[in-house]
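J.: My questions all concern the structure below.
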2 protein chains.
Amino acid sequence: MAGSLACWSRSAGSRQTLKDFGVAEVFEDPAECVRGADLVIITTPVDTAEATFLAIAPGLAPGAVVTDAGSVKAAILVAARRLPAANPFVGAHPMAGGEKAGAAHASAQLFEGRVCFLTPTGSEDPQALAAVRRFWQELGSVLHETDAAKHDEIVAAISHVPHAAASALMLAVMEQPGFRRFAVGAGLRDTTRIAAGEENLWVGIMLANARHTAAGLRDLERRAAELRAAIEANDAGSLRRLLAEARIARQNLDRPE
Amino acid sequence: MAGSLACWSRSAGSRQTLKDFGVAEVFEDPAECVRGADLVIITTPVDTAEATFLAIAPGLAPGAVVTDAGSVKAAILVAARRLPAANPFVGAHPMAGGEKAGAAHASAQLFEGRVCFLTPTGSEDPQALAAVRRFWQELGSVLHETDAAKHDEIVAAISHVPHAAASALMLAVMEQPGFRRFAVGAGLRDTTRIAAGEENLWVGIMLANARHTAAGLRDLERRAAELRAAIEANDAGSLRRLLAEARIARQNLDRPE
């Protein structure tokens, strides 16, 4: 793909990990890192995107294309206005990764076969868009192009709301009088796995996608209350109907759209 | 373990599957099935326990010990009063299985290393309790003895509330305007996996453990509302504190108690 790779991380520990990989030159200064690059990929947390764009600006060569990997796109599109006018930005969001953060959890197959959103505005240089498409495709991603607003609505439904729900469930379960770790099985482990994600990353994501995430949480509260009402009323018919609707929807997740 | 095995299922399909396994005699009548047995294991859904106890009663030999595998214990202890006085009952709940129901999903290693609750009342024949202990231990279960009320409180926290939460999340997600199946990843799949469970089984469980399950759902609603309030108020501090508390609790699930 690239003739050469250069990396920067704000964390000294991650810089050392990256040096130990031995595949890229590692920089302590972001502007120095991007100097002479054709393509720059920003992977800092979403609430630091603007600061990162400002930090790299002095080093960017005219025409260098910038993309990112942030979990929200509308807010980052606004932040990208801080880039020099000579540097096109094309937002990207690879749907990959896990609850373990940091360079130490790197994987060469991370993006293979996974959906990667691109959110072009339609007004960018076609060559810049082509370069960003090529980059993510060469990592094995399955591209899906949409606008930033639609992207944010989609990822709220399938990622940000489930994350908040897993956290809410973990908080609720830990305060139940019957909570005992020895008896915990795959059910609770799986339903709460993503709640182990690093909170600083997720605070930025949820606040940058606040409207859709809050709307989904409100629906979760309403649906939980419906189930509870059926249980409290000993209403087997309503409870069966709700659980069946959820079962069918869950089974459909495993079928092609 | 046993000199011989006899099975009954109300479903003709499951009876055929059991016949095809070729390890047990398969009966069409529950009273005929238990005739001459030393130990009888009831694994019908919890809301049919009473009917099953009544159905086997005519065939039970005096002294034959009865146990079960139901996910609630207080309600089944009440139902077990329908057994003849000469037949001791010791409630059991092996914490194993999955969202796929039926004999076709049988596994010889299902109970290996998994917690199995026993809920003796303290007034049963010690030999009956010993026989039930031996049965579950020989399947590889790790026994945990407690009373039926405490058992129901524990499993509400670690199983019944998470199941209802997974169903509520699936119902909420499917109605979000941004819900698109093509982009769904491991996060939503794992948080909702148990919602694929068979609703007829879970209606019985949740209604038989209504008080604890409803209390947990109420706490889920409250915790989701707290997260939502922090998001709506753009309150990074409160949101970070809640997500961090959930992360730590989730990470602790993977540590020994």
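The values are calculated or read from the model by the stated rules, or taken from the named source; none is laboratory data. These numbers were taken from a predicted model, which means no experiment stands behind them. Cβ sites come from the backbone with ideal geometry, for glycine too, and all protein chains shown count toward neighbours. Surface accessibility is based on the protein's heavy atoms, side chains included, excluding ligands, DNA and RNA. Shrake-Rupley method; radii C 1.70, N 1.55, O 1.52, S 1.80 Å.
J.: Could you please tell me which pairs satisfy a Cβ distance under 8 Å, a separation of 6+ or placement on different chains, a first residue in segment B:138-154 that is within 7 Å of B:Thr119 (Cα to Cα), and a second residue that is of a type in the set (Ser, Thr, Tyr) and crowded, with 16+ Cβ neighbours inside 10 Å?
T.: Between residues of segment B:138-154 that are within 7 Å of B:Thr119 (Cα to Cα) and residues that are of a type in the set (Ser, Thr, Tyr) and crowded, with 16+ Cβ neighbours inside 10 Å, the close pairs are B:Glu145/B:Thr119; B:Thr146/B:Thr119; B:Asp147/B:Thr119; B:Ala148/B:Thr119.
J.: Just to be sure I understand, how many residues within segment A:28-51 are assigned to a helix (DSSP H, G or I), aliphatic (A, V, I, L, M) and within 12 Å of A:Cys7 (Cβ to Cβ)?
T.: Of the residues in segment A:28-51, 1 are assigned to a helix (DSSP H, G or I), aliphatic (A, V, I, L, M) and within 12 Å of A:Cys7 (Cβ to Cβ).
J.: Filter segment B:184-199 down to residues that are at the interface with another protein chain (Cβ under 7 Å from one of its Cβ atoms) and in a helix (DSSP H, G or I), then give me how many there are.
T.: 11
J.: Counting only residues that are hydroxyl-bearing (Ser, Thr, Tyr) and over 30 Å from B:Ala224 (Cα atoms), give me the strands (runs of 3 or more DSSP E) lying completely in segment B:70-183 with at least 1 of them.
T.: Filter on segment B:70-183 gives B:115-119.
J.: Related question: Restrict the check to segment A:99-119 and report whether at least one residue is charged (D, E, K, R), open to solvent by less than 10 Å² (accessible area, probe 1.4 Å) and in contact (Cβ under 8 Å) with a residue 40 or more places away in the chain.
T.: So far as segment A:99-119 goes, no, none of its residues is charged (D, E, K, R), open to solvent by less than 10 Å² (accessible area, probe 1.4 Å) and in contact (Cβ under 8 Å) with a residue 40 or more places away in the chain.
J.: Let me ask another. On the basis of being farther than 30 Å from B:Arg189 by Cβ and open to solvent by 40 Å² or more (accessible area, probe 1.4 Å), does A:Pro88 make the cut?
T.: No, not satisfied.
J.: When residues of segment B:143-154 are filtered for being buried (at least 16 other Cβ atoms within 10 Å of the Cβ) and in contact with a Cys (Cβ under 9 Å, 6 or more places away or on another chain), how many remain?
T.: The total comes to 1.
J.: State whether one or more residues within segment B:42-51 are in contact with an Asp or Glu (Cβ under 6 Å, 6 or more places away or on another chain) and aliphatic (A, V, I, L, M).
T.: Yes - at least one qualifying residue is present in segment B:42-51.
J.: Could you tell me which of the residues A:Ala183, A:Ala229, A:Ala244 is over 16 Å from B:Arg223 (Cα atoms), without any contact (Cβ under 8 Å) to a residue 12 or more places away in the chain and touching a strand residue (DSSP E or B) at 6+ places or on another chain (Cβ under 8 Å)?
T.: A:Ala183
J.: Can you find even one residue in segment B:178-194 that is surrounded by 21 or more Cβ atoms within 10 Å (Cβ to Cβ) and farther than 28 Å from A:Ser141 by Cβ?
T.: yes
J.: Within segment B:19-65, which residues are free of Cβ contacts under 8 Å to residues at least 24 places away in the same chain, polar (S, T, N, Q) and surrounded by fewer than 18 Cβ atoms within 10 Å (Cβ to Cβ)?
T.: Scanning segment B:19-65 gives no hits.
J.: From the list B:Leu54, B:Leu18, which residue is part of a helix (DSSP H, G or I) and over 23 Å from B:Ser107 (Cβ atoms)?
T.: The unique qualifying residue is B:Leu54.
J.: Determine whether A:Ala229 is small (Gly, Ala, Ser), open to solvent by 40 Å² or more (accessible area, probe 1.4 Å) and more than 7 Å from chain B (Cβ to nearest Cβ).
T.: So A:Ala229 passes the test.
J.: Of all residues in segment B:209-226, which are assigned to a helix (DSSP H, G or I), open to solvent by less than 40 Å² (accessible area, probe 1.4 Å) and within 25 Å of B:Asp152 (Cβ to Cβ)?
T.: Residues satisfying the conditions are B:Ala210, B:His212, B:Thr213, B:Ala214, B:Gly216, B:Leu217, B:Asp219, B:Leu220, B:Glu221, B:Arg223, B:Ala224.
J.: Would segment A:233-244 turn up any residue that is part of a helix (DSSP H, G or I), facing another protein chain (nearest Cβ under 7 Å) and loosely packed, with under 15 Cβ neighbours inside 10 Å?
T.: no
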